[in-house]
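The values are calculated or read from the model by the stated rules, or taken from the named source; none is laboratory data. Every value quoted in this text rests on a predicted model; they were computed, and no experiment measured them. Heads up, the Cβs are rebuilt from the backbone with ideal geometry, glycines too, and the neighbour counts pull from every protein chain shown. Areas reflect the complete protein model, heavy atoms only, side chains present, ligands, DNA and RNA absent. Shrake-Rupley method; radii C 1.70, N 1.55, O 1.52, S 1.80 Å.
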Amino acid sequence: MARLLKFNIFRYNPQNPESVPHMDEFVLEETDSMTLFIALNRIREEKDSSLQFDFCCRAGICGSCGMVINGRPGLACHTKTKDLPSEITLLPLPVFRLVGDLSVDTGSWFREMYNKVESWVHTSKQFDPAAEEERMENDVAEAIYELDRCVECGCCVSACGTARMRDDFLGAVALNRVARFVIDPRDERTDKEYYEIVGNDNGIFGCMGLLACEDVCPKHLPLQDQLAFLRRKMGITAIKSLFSCKSCKK
Amino acid sequence: MQTIYTDVLVIGAGLAGERAAIEAGQAGLSAICLSLVPARRSHSSAAQGGMQAALGNSAMGEGDSPDVHFEDTVKGSDWGCDQEVARLFADSAPIEMRRLAHWGVPWNRVVPGKSKYFKGGKEFEKVEKDENRGLITARAFGGTAKWRTCYVSDGTGHSVLFTVDNRCAQLGVEVHDKTEAIALIHDAGVCYGAVVRCLKTGELRVYLSKATMIATGGFGRIYPNTTNAVVCDGGGHIAAINTGAVPMGNMEAVQFHPTGIVPTDILVTEGCRGDGGTLLDVNEERFMHIYEPEKAELASRDVVSRWMTHHIREGKGVKSPYGDHLWLDIRHLGEKHITGKLREVYEICTSFLGVDPIHQLIPVRPTQHYSMGGVRTNKDGAAYGLKGLFSAGEAACWDMHGFNRLGGNSLAETVVAGGIVGRKIVEYVKGAEVSFNSSVIDAAVAAQRQRISDLTGGAKGKENVYAVRAAMQDSLNRGANIFRNDADLKTCVAELQEVLGRARKVGLASDGLGANPELAAALKIEGQVKMALMVAYGALQRTESRGSHNREDYTARNDRDWLKRTLAYWKNPGDDLPTLEYEPASSVLDLPPGYRGYGKMDIIPMEGQEAEKPAEGASGKKSAEKGDK
């Protein structure tokens, strides 16, 4: 006989005036290779059709299904029930605005973030359709992609002590994004310009170094390395601007 | 109720939609993309392999050109494609890849010198030229004469989507995420925008636009087993079908992939078999060599999928709570190979199945993968039947894929077609004057409110939406799968007609308040069954085998009678069958129909055309061997 799994799931529908935040309990029999994706869909189709949660690719690629699984932010699609105890508690990610039950609004948060950090290549060059592409070393291309792998699931933000205390903290995901453009030779921004974006307590100097962001990142991105890289770079930029040397007045 | 005006409304914010919106933004027009999910979660992000474009920078791509790419694409389509479109695509793809590089895509680049590569399990060596150092490189893909697939490690779709979305943010193109278009607003043959449900609050909104575009990807979720994301449910198609005026093209052309994992149908790459992996049955015995003595597991996607399904039907499948499946065995490749060359496969198996492929078998089954059919458009991306309506990407039947799509051509199509159609939309909007008739808008909104209140109140019945959906998927899966025949398709059509009756009587079990997911499912179930009927009924009528459409009772490709495209309309909402019409597959035949160069097949030639020798019997086999070299 397979295990009986007891799910405790956070419930609240802000659009229903009668709804109050509470936990609901559902029991399912475990099947082979069961993931939370399978379990939650079965609960919705067999037990409570109003249950809200987000999945899209269900393959660990898109980052839709971030939630707090037995106390830890993670992707529900690649969380196997056999790795969990028979009692499973699911809560929505904190920090992001709640849509309902386990569903949160990460889209608005991330859109605001990438507008703040101007998450695009800043270049004065015009594209010429008749010309050969601009060359790049393959090592550089691969290094950029390593940082580009973030899926914006929001787990790092939800696990971040600073982000929980202050709304305006950019978080590891934004700093990783900035680092991606710093190493991209196509982006013409200077260190001083990056400093304007992240050289403050909302950015690189707000991090308390608790390391949870990297612990929970489902893509295993080297978030702490990027924080250290940027902090060093921004620290040097700050010192340079104190002495306002000529060479750094680009 | 909120009404939002924009020059260009794009339904869908994946690569095709955002790429088109960029053209609008660059031209100084306002553009809004609607998306079920945050834009960067679109299914485009899941594409790993790459994008075909004849840049010819890599050693194995030398001598490549848009002409060769065009020929591969037409052959791949089994001559079902529009050759003008295939030409346009092949010519534009290299420019588009360079443009993406300019915007920030970190394409893998040519590294000069010697390197090794594997083919058919054997090792070979190639030498990259010094003068090409740093140019965009390419990898090999099936069905192509040259290495032509540009890539970003194993995350091409992800990387390109992030870059394109960045460009949208830079240009001020808005993305309204967690919104769903539930109906198009149209009058007297002109499209004016859409009625949209907010998936955060459940409220209805009206979006009015000079041009509207459907870029919602595929509709694989009408099948029970698919590699498609859960958002690939055909919402955009349904909005078009429900106008009664817009036809779907070639809905019977559905591509299946041999190795989706069980239970969740996530894809494991063809590379497993390419590198020497084998398929096993319930007795852990190989079977592909019985059916295909020469190529065994390495026959083409459609062929392997067919034999796997056949073998399961013979009772040799492995029983599981999720249905019968077979095994993929890569254990003999060894730990180094599996965690190196097949890293992605290793991670999928361990993360999603808890299976260690170094020591354990991988449960797999053929799975729905790609929809060649969709909203029929002309070569400008303008939909048939409604002025001001456009479509691109997998949602569209622009028709460069015909009856079989080559790997690497779909992801490239999203951005190439998005760019071309985007520019056509800009032309259209700049020449268009639109006046919105408020009574038409009010009527469109009232109709949707009525539908919602009927569903929440159970006015039409109390059928459970998930049960109806399962019945539809099951029926389609049995009748219009990899193998098709007259009897099964007739049963399928009859069953789907009954399911359609049930879909019209769905009532909600829950309250339907807010972002209620049951209501979202209920609003599209009737349209999904109509799409399923377009697939099954179109397949029933097409009495030939072409590309992915394989009739057991009509095994030849019949160019004499079927070198044409199916157009499926749903003319009246109350109909219980689509209306089918036909048009020539291509107005130009630069490459006359012939033998594809792989797979055994019989061809009934066009009138006035000699049957090609290699297409028949034993000589066909010979040619297939030649083609493989």
Among B:Gly547, B:Gly431, A:Cys62, the residue whose Cα sits farthest towards the positive end of the charge dipole of the protein assembly as shown (+1 at Cβ of Lys and Arg, -1 at Cβ of Asp and Glu, taken about the Cα centre) is A:Cys62
Tell me the relative contact order for chain A as a rounded percent, counting alpha carbon contacts under 8 Å between residues six or more apart.
16 percent
Expressed per residue, the solvent accessible area of the protein assembly as shown in Å² (1.4 Å probe) is about 37 Å²
What value, in deg cm²/dmol to 500, does the helix sum -39500 (n - 2.57) over DSSP H runs of n ≥ 4 give at 222 nm once divided by the residues of chain B?
-10500 deg cm²/dmol
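If you count, for every residue in B:504-517, the Cβ atoms of partner chains within 10 Å of its Cβ, what is the mean?
Counting other chains' Cβ atoms within 10 Å and averaging over B:504-517 gives 5.
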Give me the extension gain from B:Glu131 to B:Ser438: residue separation times 0.36 nm, minus the current Cα-Cα distance, reported in nm with one decimal.
104.3 nm
Area projected by the alpha carbon convex hull of chain B, averaged over all directions, nm²
26.8 nm²
Quotient of Cα Rg and 2.2 N^0.38 Å for chain A, N being how many residues it contains:
1.20
Angle check, please: helix B:517-541 long axis (alpha carbons) against the longest principal axis of chain B (alpha carbons), in degrees 0 to 90, nearest 10.
60 degrees
Cα centre as origin, Lys/Arg/Asp/Glu Cβ charges: the protein assembly as shown dipole, Debye:
980 debye
Using unit Cβ charges (K, R positive; D, E negative) and no other charged atoms, how large, in debye to the nearest 20, is the dipole of the range B:120-162 about its Cα centre?
160 debye
Tail weight of P(r) past 20 Å, computed on alpha-carbon pairs of the range A:131-200, percent
43 percent
Separation of the range B:316-371 and the range B:512-572 by C-alpha centroid, Å?
30 Å
Over all distinct Cα pairs, what is the inverse of the mean 1/r for the protein assembly as shown, reported as the Kirkwood hydrodynamic radius in Å?
27.9 Å
Loop-only check: which GluC sites (Glu not before Pro) in the range B:43-87 are DSSP coil with at most 13 other Cβ within 10 angstrom?
B:Glu62
At 7 Å along the Cα-to-beta-carbon direction for both B:Ala470 and B:Lys564, put a label point, then send me their distance in nm to one decimal.
4.1 nm
Take B:Phe483 and A:Ala2, extend 7 Å from each Cα along the Cα→Cβ direction, and tell me the distance between the two endpoints in nm.
3.0 nm
Picking from B:Leu476, B:Thr456, B:Val493, whose Cα lies most toward the positive end of the charge dipole for the range B:456-506 (charges on Cβ: Lys, Arg +1; Asp, Glu -1)?
B:Thr456
Choose one of A:Ala172, A:Tyr12, A:Ala143: the residue whose Cα lies farthest towards the positive end of the charge dipole of chain A (beta-carbon charges +1 Lys, Arg; -1 Asp, Glu; about the Cα centre).
A:Ala172
Roughly speaking, what is the centre-to-centre gap between the range B:177-225 and the range A:1-22 when only Cα atoms are used, to the nearest Å?
30 Å
Amide H partners (placed H, <5 Å) of B:Arg565, local residues excluded
B:Glu583, B:Ala585
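R0 = 41 Å: FRET efficiency of B:Asn378 with B:Gln541, Cβ-based, nearest 0.05?
0.95
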Relative contact order of chain B: what whole-number percent is it, with Cα pairs under 8 angstrom and at least 6 residues apart?
18 percent
Cross-link list B:Lys316/B:Lys341; B:Lys460/B:Lys524; B:Lys75/B:Lys341; A:Lys116/B:Lys178; B:Lys126/B:Lys146; B:Lys126/B:Lys336: which exceed 19 angstrom alpha carbon to alpha carbon?
B:Lys316/B:Lys341; B:Lys75/B:Lys341; A:Lys116/B:Lys178; B:Lys126/B:Lys336
With Cα atoms, 0 to 90° folded angle of helix A:106-116 axis to chain A main axis
10 degrees
Can you give the % of DSSP beta bridges in the protein assembly as shown that are antiparallel, to the nearest 5?
70 percent
Rounded to the nearest 100 Å², what's the accessible area chains B and A bury against each other, both chains counted, probe 1.4 Å?
5800 Å²
For the range B:218-333, calculate the relative contact order in percent as a whole number, restricting contacts to Cα pairs under 8 Å that are 6 or more residues apart.
23 percent
One finds the C-alpha centres of the range B:51-126 and the range A:124-158 to be spaced, in Å, by 20 Å
With labels modelled as points extended 7 Å from the Cα through the Cβ direction, what inter-label distance (nm, one decimal) is found for A:Lys192 paired with B:Ala446?
6.4 nm
Folded to 0 to 90 degrees: helix A:223-243 orientation relative to chain A principal axis, Cα
30 degrees
What are the residues whose amide H is under 5 Å from the amide H of B:Val175, where those residues sit 5 or more places off or on another chain and H is modelled from the backbone?
B:Cys33
List the trypsin sites (Lys or Arg not before Pro) in the range A:78-162 that DSSP assigns to loop (not H, G, I, E or B) and whose Cβ has at most 12 other Cβ atoms within 10 Å. Which are they?
A:Lys125
Evaluated over the range B:390-547, the Cα radius of gyration and Dmax, each in Å
19.8, 52
How large, in percent, is the carbon and sulfur part of the accessible surface of the protein assembly as shown at a probe radius of 1.4 Å?
49 percent
Taking R0 as 25 Å, what's the FRET efficiency between A:Ala238 and A:Glu146 from their Cβ-Cβ distance, rounded to 0.05?
0.40
Nearest 20 debye, what's the magnitude of the dipole of the range B:268-357 about its Cα centre given +1 on Lys and Arg Cβ and -1 on Asp and Glu Cβ?
80 debye
